[in-house]
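Undergrad: Before I ask anything, here is the structure I am working with.
The values are calculated or read from the model by the stated rules, or taken from the named source; none is laboratory data. This is a predicted model, so every value here is computed, not measured. FYI the Cβ positions are ideal-geometry reconstructions off the backbone, even for glycines, and counts take in every protein chain you see. These area figures cover heavy atoms from the full protein model, side chains too; ligands, DNA and RNA do not enter into them. Shrake-Rupley method; radii C 1.70, N 1.55, O 1.52, S 1.80 Å.
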Amino acid sequence: MSNRVPKQLLTFMTLAFTFLTGTLSAQSPDLFVPEKTDPAAAGMNPVLLARIPAKMKAFVDEGTAAGFVTIVVRHGHVASLDAVGYEDLEAKIPMRTDTIFRIASMTKSLTVAGVMLLIDEGRLSLLDPVEQFLPEFRAMKVNSCAESHASKGCDPVDASRPITVLDLMTHTSGLPGQGAKGAEPFKSLAERVSMGAQVQLLAQPGTKWIYSQIGYAALGRLIEVCSGKPYQEFLAERLFEPLGMKDTYFFLPPEKQSRLAATYSPDAAGKLVLVPRPAAQGIQVPSPEGGAMSTASDLARFYQMLLNHGTLNGKRILSAAAVEAMTTNQTGDLKDVEFSPGLGMGLSFGVVKDVVGTFRYQSIGTFAKGGAYRTYGWGDPAKDMCGIILFQRTTGGDIAPEITAFSILANAAIQH
């Protein structure tokens with residue numbers, strides 16, 4: 001008797017195996033496709049979710065913004081992905097779900113993730129003195145007038161200890177918002193940080209929260225020194241490409257320029273006025289504190305990776321320990337943190353630590369970050385949920401009503 005399997009049966013078995021494995025893969029809780037919406041799998045009410053684009057359209061009609069892209073994710077499934085209004089108000093180009101936005105300070109979280117990749121590999125640690133890698137931060141002086149609130153007669157004093165990597169990430173280094181500026185445009189991130197470090201600290205390291213752009217530029221430079229690669233190339237290779245963030249850049253390629261949303265600023269009467277795009281410079285220097293451009297789907301991949309404790313679609317990006325450090329309050333009871341009441345400071349993220357900070361229906365432990373052009377994202381581990389809202393306006397702050405409305409409506413749509 002022949003042991004050969006009939007050809008028809010073999011074909012059927014092959015198809016059945018392919019179907020079964022494909023089905024299991026599609027049902028994998030770690031599989032994440034931002035462009036595919038499934039509110040039922042997310043445990044969210046589609047009727048209530050529809051209030052989000054309706055509310056965003058009302059803001060567009062009122063003239064507070066040209067347009068919005070929003071995405072809500074829960075349990076690893078996209079509940080909603082909506083584009084409302086215009087990418088370019090003057091040209092009446094409709095907003096699209098893949099429109100690219102300047103995400104401003106949301107870049108800081110990408111920079112921290114880059115540093116945490118190196119920490120996972122043992123190339124540096126959170127408590128390492130920054131001066132160990134960047135000698136320009138040695139022997140920093142503290143402006144004693146700033147600490148004592150005196151107006152004159154104060155001599156600078158020595159810093160009580162070196163600035164650490166953790167200090168930079170939590171804005172507790174004492175560094176001012178901006179570093180010292182050179183007479184000419186900087187030709188590299190190294191040159192910018194070296195010049196920027198020539199300042200006096202406004203507080204002793206670890207004692208006060210002072211939002212510092214130059215501190216985050218220094219973190220980008222740390223990536224270069226410890227990896228041996230340019231900052232933007234390291235993030236592209238180690239973060240953006242593995243996560244599938246195909247539309248995230250520091251320097252937008254020519255073929256994608258047409259997808260970049262226009263930026264607006266309200267005039268004295270509240271009317272939106274176009275902000276001209278900055279002219280291209282001969283030498284492009286990346287901004288680790290606020291220079292990235294991205295889409296809602298790309299950013300959702302990043303936030304979902306954090307909710308997954310460092311993995312996405314079967315790929316380990318960061319250790320679970322690194323994600324925990326990033327998304328946990330690291331500043332204790334330090335006051336006046338991340339511009340909002342009830343927040344502590346994680347590594348780049350504001351972290352809700354008190355009911356005062358839950359005015360957006362966010363749980364204790366929610367981590368969030370906004371950007372100056374009114375971009376904002378949050379991850380809520382208690383609800384296994386994240387949300388991203390992107391629009392381009394130069395005023396409004398992290399407490400912009402559009403951001404608050406989006407968060408409340410998204411959380412209110414949870415069904416079970």
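Undergrad: Return the residues of segment 311-344 that are aromatic (Phe, Trp, Tyr) and open to solvent by less than 20 Å² (accessible area, probe 1.4 Å); say none if nothing qualifies.
TA: None - no residue of segment 311-344 is aromatic (Phe, Trp, Tyr) and open to solvent by less than 20 Å² (accessible area, probe 1.4 Å), so the list stays empty.
Undergrad: Regarding residue 237, is this residue of a type in the set (Asp, Glu), under 29 Å from residue 68 (Cβ atoms) and open to solvent by 30 Å² or more (accessible area, probe 1.4 Å)?
TA: Considered against the rule, which asks whether it is of a type in the set (Asp, Glu), under 29 Å from residue 68 (Cβ atoms) and open to solvent by 30 Å² or more (accessible area, probe 1.4 Å), residue 237 comes out as no.
Undergrad: With respect to the numbered conditions (1) hydrophobic (A, V, I, L, M, F, W, C); (2) touching a residue at least 40 places away in the same chain (Cβ under 8 Å); (3) surrounded by fewer than 24 Cβ atoms within 10 Å (Cβ to Cβ), which one is the sole condition not fulfilled by residue 210?
TA: (2)
Undergrad: While we're looking at this one, here's another question. Could you list, in sequence order, all residues of segment 81-109 that are crowded, with 21+ Cβ neighbours inside 10 Å and in contact with a Leu (Cβ under 6 Å, 6 or more places away or on another chain)?
TA: 100, 101
Undergrad: Of everything in segment 246-269, what is over 11 Å from residue 293 (Cβ atoms) and either part of a loop (DSSP other than H, G, I, E, B) or open to solvent by less than 30 Å² (accessible area, probe 1.4 Å) (or both)? Give them in sequence order.
TA: 246, 262, 263, 264, 267, 268, 269
Undergrad: Turning to a different aspect of this structure: Residues 318, 306: which one is within 18 Å of residue 76 (Cα to Cα), outside any loop (DSSP other than H, G, I, E, B) and at pLDDT 95 or above?
TA: 306
Undergrad: So, one more: So which residues in segment 351-372 are surrounded by fewer than 24 Cβ atoms within 10 Å (Cβ to Cβ) and either of a type outside the set (A, V, I, L, M, F, W, C) or at pLDDT 95 or above (or both), if there are any at all?
TA: Answer for segment 351-372, where residues must be surrounded by fewer than 24 Cβ atoms within 10 Å (Cβ to Cβ) and either of a type outside the set (A, V, I, L, M, F, W, C) or at pLDDT 95 or above (or both): 353, 354, 357, 358, 360, 361, 363, 364, 365, 371.
Undergrad: Could you list all residues from segment 277-310 that are over 18 Å from residue 235 (Cα atoms), of a type outside the set (A, V, I, L, M) and crowded, with 19+ Cβ neighbours inside 10 Å?
TA: Matches in segment 277-310: 308 only.
Yes or no, residue by residue, for (1) of a type in the set (Phe, Trp, Tyr); (2) exposed (fewer than 12 other Cβ atoms within 10 Å of the Cβ); (3) modelled with pLDDT under 90; (4) under 30 Å from residue 265 (Cα atoms):
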position: 32; (1), (2), (3), (4): yes, no, no, no
position: 38; (1), (2), (3), (4): no, no, no, no
position: 41; (1), (2), (3), (4): no, no, no, no
position: 44; (1), (2), (3), (4): no, no, no, no
position: 47; (1), (2), (3), (4): no, yes, no, no
position: 55; (1), (2), (3), (4): no, no, no, yes
position: 67; (1), (2), (3), (4): no, no, no, yes
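Undergrad: Mind listing whichever residues of segment 256-310 are over 30 Å from residue 191 (Cα atoms) and free of Cβ contacts under 8 Å to residues at least 40 places away in the same chain?
TA: Those that are over 30 Å from residue 191 (Cα atoms) and free of Cβ contacts under 8 Å to residues at least 40 places away in the same chain: 258, 267, 268, 269, 273, 309, 310.
Undergrad: Would you please list the contacts, defined by Cβ atoms under 6 Å and residues six or more apart or on different chains, that run from a residue in segment 361-384 that is of a type in the set (A, V, I, L, M) to a residue that is in a strand (DSSP E or B)?
TA: 364/352; 368/350; 368/378
Undergrad: If we only count helices (runs of 4 or more DSSP H) wholly inside segment 92-207, which ones have 3 or more residues that are among the aliphatic types (A, V, I, L, M)?
TA: 107-120, 165-169, 189-196
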